[in-house]
């Protein structure tokens, strides 16, 4: 198989070769497309996009707390298509978790650690599931909308060997 | 024989002393007898005390010298946390030249006697900062430089920032400013020198 040379061609092949991987497609200035992806098929889709779709670089993974649900957004860059592709995964507010893409793009590992640290979205199969910015033993996910300001005594992590 | 023994004092109160099983009750020694030390026993005691007295005298004589040497050669840890570290670095440059006060930044906490906390301290870094502080040999002093180290600054209510580094260990001098200019840092160091002279001189 040859690599794709344009985004419409890539999208057509994607729909044919990875069925049911996307549930919606929308446009946004600055990116090739925004694809809504169901959580169970994200790893399958990501592997195809890396190997066949020429999206060799995962530049960003971020989480959004919409209060009634959570969202994980991936930004992928393709050198051949000279553009970004945006993937959006909607997760439930209670116990949000999605497959890790750390095995597909190594660059996603730190972004996923940060998203877990600050928003509490679990990434199943993550190779290094530690906190990134807060100390180990920290009890909160502080960028959640439900997080409230607290006294410093609550935030302090007593163990010194972290 | 019981494991407790009771003795009646002149006032009429009863004191119960717990003893281990099998122990005989300790003989009561009158205070006068303890205090009455013969001259034979007194001389070695006096010699020991004389040694202590000599040591203390030497300390009294050398303390001002060591204090003078220590306060005029404060070695801060070369530690930069945030934007105050830029002012800290400028203070050691050609324009302000903190080295003329004997202040030389060192790279190992074991060679330092002054910790200048120049920036925002996060909860994650607080453990490392305490480790650095504990690695420094006594006598040691700490300066909180800038509003963040003093009281958390603009990040006081943040989820990740220590609101004042004095929550971690004692601070001797606080320097206000966001960031304080190098002159303010030098003023803080000179105030610390005065504090050392007054407190331990």
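The values are calculated or read from the model by the stated rules, or taken from the named source; none is laboratory data. Treat the numbers as computed from the prediction; the structure is a model and nothing was measured. Don't worry about glycine lacking a Cβ; one is built from the backbone with ideal geometry, like all the others, and counts go over all protein chains shown.
Out of all the residues in the range B:101-117, which are without any contact (Cβ under 8 Å) to a residue 40 or more places away in the chain and surrounded by 18 or more Cβ atoms within 10 Å (Cβ to Cβ)?
Result: B:105, B:109, B:112, B:115.
When A:118, A:62 are checked against the criterion of being in contact (Cβ under 8 Å) with a residue 40 or more places away in the chain, outside any loop (DSSP other than H, G, I, E, B) and either within 14 Å of another protein chain (Cβ to nearest Cβ) or more than 30 Å from residue A:10 (Cβ to Cβ) (or both), a single residue qualifies: A:118.
How many residues does the range A:123-162 contain that are more than 19 Å from residue B:161 (Cα to Cα) and buried (at least 17 other Cβ atoms within 10 Å of the Cβ)? Here the count works out to 2. For the range B:126-164, give me each residue that is in contact with a helix residue (DSSP H, G or I) (Cβ under 8 Å, 6 or more places away or on another chain) and at positive phi. Passing the criteria: B:146, B:153, B:164. Does residue B:194 satisfy the condition of being out of contact with any strand residue (DSSP E or B) (no Cβ under 8 Å at 6 or more places or on another chain), assigned to a helix (DSSP H, G or I) and either within 14 Å of chain A (Cβ to nearest Cβ) or over 23 Å from residue A:151 (Cβ atoms) (or both)? So residue B:194 passes the test. Kindly check whether there is at least one residue in the range A:131-144 that is under 10 Å from the mean Cα position of the chain (by Cα) and either under 25 Å from residue A:25 (Cα atoms) or within 14 Å of another protein chain (Cβ to nearest Cβ) (or both). Checked the range A:131-144: no residue is under 10 Å from the mean Cα position of the chain (by Cα) and either under 25 Å from residue A:25 (Cα atoms) or within 14 Å of another protein chain (Cβ to nearest Cβ) (or both).
Does residue A:70 count as in contact (Cβ under 8 Å) with a residue 12 or more places away in the chain, touching a helix residue (DSSP H, G or I) at 6+ places or on another chain (Cβ under 9 Å), assigned to a loop (DSSP other than H, G, I, E, B) and crowded, with 19+ Cβ neighbours inside 10 Å? No, not satisfied.
Quick check, is residue A:35 part of a helix (DSSP H, G or I) and more than 20 Å from residue A:124 (Cα to Cα)? Steps first, answer last, please.
Numbers: part of a helix (DSSP H, G or I): no; more than 20 Å from residue A:124 (Cα to Cα): yes.
When the stated conditions are applied, residue A:35 does not pass them.
Of the residues making up the range B:106-124, just one is more than 9 Å from chain A (Cβ to nearest Cβ), closer than 17 Å to residue B:168 by Cβ and part of a helix (DSSP H, G or I), namely B:109.
Scanning the range A:16-32 for residues that are without any contact (Cβ under 8 Å) to a residue 24 or more places away in the chain and assigned to a helix (DSSP H, G or I) yields one hit, A:16. For the range A:88-103, a residue qualifies if it is under 19 Å from residue A:22 (Cα atoms) and in contact with a helix residue (DSSP H, G or I) (Cβ under 7 Å, 6 or more places away or on another chain), and the qualifying residues are A:89, A:91, A:98, A:99, A:100, A:101. Reported count of residues in the range B:154-173, each being over 14 Å from the mean Cα position of the chain (by Cα) and within 14 Å of chain A (Cβ to nearest Cβ), is 12.
Taken together, the residues in the range B:37-88 that are over 30 Å from residue B:122 (Cβ atoms) and part of a loop (DSSP other than H, G, I, E, B) amount to 4.
Is one or more of the residues making up the range B:149-165 in a helix (DSSP H, G or I), touching a strand residue (DSSP E or B) at 6+ places or on another chain (Cβ under 7 Å), farther than 22 Å from residue B:186 by Cα and at pLDDT 90 or above? Yes, there is a match, as at least one residue in the range B:149-165 is in a helix (DSSP H, G or I), touching a strand residue (DSSP E or B) at 6+ places or on another chain (Cβ under 7 Å), farther than 22 Å from residue B:186 by Cα and at pLDDT 90 or above. Taking the condition without any contact (Cβ under 8 Å) to a residue 12 or more places away in the chain and either on the phi < 0 side of the Ramachandran plot or outside any loop (DSSP other than H, G, I, E, B) (or both), does residue A:149 pass? When the stated conditions are applied, residue A:149 passes them. One residue alone among A:54, A:90 is surrounded by 14 or more Cβ atoms within 10 Å (Cβ to Cβ), in contact with a strand residue (DSSP E or B) (Cβ under 8 Å, 6 or more places away or on another chain) and either without any contact (Cβ under 8 Å) to a residue 12 or more places away in the chain or assigned to a loop (DSSP other than H, G, I, E, B) (or both), and that residue is A:54. Kindly check whether there is at least one residue in the range B:177-186 that is touching a residue at least 24 places away in the same chain (Cβ under 8 Å), within 14 Å of another protein chain (Cβ to nearest Cβ), in contact with a helix residue (DSSP H, G or I) (Cβ under 7 Å, 6 or more places away or on another chain) and closer than 30 Å to residue A:153 by Cβ. No.
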